[in-house]
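Report on the following structure.
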Amino acid sequence: MRFKFSDVLLGVTLGCTSLAASAHFIVMYTPQTALLRASDVPFTMVFTHAFAGGPTMALEKPQRFYYSKKPAPGESSNEVDLMQYLEAVQWQTEDTHVSAWKANIPRSEMRSLGDYQVVLEPTPYLEAGEGLYIQQFTKVMVNVGGVPGNWAETLGLPAEIEALNKPYANWTGAVFRGIVLSDGVPVPYTQVEVEYLNHPLDLENNKFQAEAFINPPHPAFGAMVILTNELGEFSFVMPKAGWWGFAALTVGPETEYNGMPLSQDAILWVQATDFPK
Amino acid sequence: MSLFYTTAVLLVSTLLYSLPAAAHTPLFDCFDNGDGTITCEGGFSDGASATGVVIRIMDSQGKVMEQGELDAAGSITMKKPTAEFSVTFTAGTEHSITVLGDDII
């Protein structure tokens, strides 16, 4: 694969402009992504700063919420709409509450063996302080029973991270690799923010727990920034079990919404698991 | 002719060698449809198709009560026995998995 100088320049430019909306993450949380057997699969979706556990922003009703699954080896993936399972909740912050979403996907919807690419396409969020809209296309992959499916497929999202490792099967210390795509085209030399979900979710009270898993030695260890290479690829070693979020900011093709700048971002959440002792 | 023969032997050897070297693990589970039937699904850890794999429902004595083959989607639906039973996925002698009827929900 070869890139023109203009492509590289575009990537660098996008990387620079992405600074404006940095550290925003749609957290799409489910307790376990590698399921031995089919079960109900609960999701919680909160628009926040993942490492810091806040500030948390309002998440309007998503435009789309669905999964993509391959019905059989060699066949094309199908989409299954999950909007009917969305339930609005109020997420507690230090001094107020904001809208967030939960969805308990029943076992009957995710019963078959294989991969489920669960996707949230949000309504753009107006970040008034920065004078722009943010739309983060967010993916989480769940596997039932170990039969692989479409985990490596791209879904044609405007902004998307293509996984080069199964996101649900990574030991702590594993290298996770991906490709940042803008409308399906790799984006070279663009920034990818990497954040650890550092505050456990209190799902009963709809809030992040105040106590963090770790205390970083320096702010740069919170919202870490890496760059894609000339092929749009990135890699990252996950040093701790839990959830790692990868966000490529301002990579989507649409740059305006309601007459204001729009940042179309790609988010992929990856679960790291400790090697058994 | 000699080159052709050598190439052919190499190709066949490679194919034969690649079969046992495929490190796939059989995977299998069954679900109770709640209508007197169960659906069983099978596959392999490397994504290989399980189409045609024989599925057998057996009673507590090991007697085959019903059998069929997984379809293109790796799935089969069969009548759920009323007595104690188990379901076995058999893909060659090395690849066999049994799910007990009581574990099918």
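The values are calculated or read from the model by the stated rules, or taken from the named source; none is laboratory data. What you see is a predicted model; the values in this text were computed from it and never measured. Backbone-built Cβ (ideal geometry, glycine too); neighbour counts: all protein chains shown. For the accessible areas, the whole protein counts, side chains as well, though only heavy atoms, and no ligand, DNA or RNA atoms are used. Shrake-Rupley method; radii C 1.70, N 1.55, O 1.52, S 1.80 Å.
Take segment B:23-103 with all the other protein chains still there, run a 1.4 Å probe, and you get 50 Å² of accessible area per residue.
Between B:I97 and A:N206, the C-beta separation translates, for a Förster distance of 35 Å, into a calculated FRET efficiency of about 0.30.
Over 28 Å between Cα atoms, which of A:K69/A:K207; A:K102/A:K166; A:K139/B:K80; A:K70/B:K79; A:K166/A:K240 qualify? Pairs exceeding 28 Å: A:K69/A:K207; A:K139/B:K80.
Summed over both chains, the area buried between A and B is near 1200 Å², taken from the accessible surface of protein heavy atoms with a 1.4 Å probe. Along segment B:29-44 the Karplus relation, 6.51 cos²θ - 1.76 cosθ + 1.60 evaluated at θ = phi - 60°, assigns HN-Hα couplings of 7, 10, 10, 8, 7, x, 10, x, 10, 10, 10, 10, 10, x, x, 10 Hz to successive residues, with x for each Gly and Pro.
With the simple model of a label 7 Å out from the Cα in the direction of the Cβ, B:T25 to A:V237 spans 2.6 nm. Straightening the chain between A:D40 and A:M83 buys 13.9 nm, computed as 0.36 nm per residue apart minus the Cα-Cα spacing.
The calculated pair-distance distribution of the protein assembly as shown uses every alpha carbon pair, bins of 10 angstrom beginning at 0, and gives 5, 21, 27, 22, 14, 8, 2, 0, 0 percent.
Rounded to 0.05, the FRET efficiency of the A:E254 and A:E75 pair, given R0 = 35 Å and the Cβ-Cβ distance, is 0.70. Summarising the amide proton neighbourhood of A:V89: residues at separation of 5 or more, or on other chains, whose placed amide H is nearer than 5 Å comprise A:A100, A:W101, A:K102. The GluC sites (Glu not before Pro) of segment A:179-277 that meet both conditions, a loop assignment by DSSP and at most 12 other Cβ atoms within 10 Å of the site Cβ, are A:E204, A:E211. Burial annotation for segment A:62-80: residues with an accessible-area loss of at least 30 Å² between the isolated chain and the complete set of protein chains, computed on heavy atoms with a 1.4 Å probe, are A:P73. Using a 1.4 Å probe on the protein chains only, how many percent of the accessible area of segment B:23-103 belongs to carbon and sulfur? C and S fraction of accessible area: 47 percent. Ignoring ligands, DNA and RNA, what percent of the 1.4 Å accessible area of segment A:203-277 is carbon and sulfur? Ligands and nucleic acids excluded, carbon and sulfur reach 55 percent.
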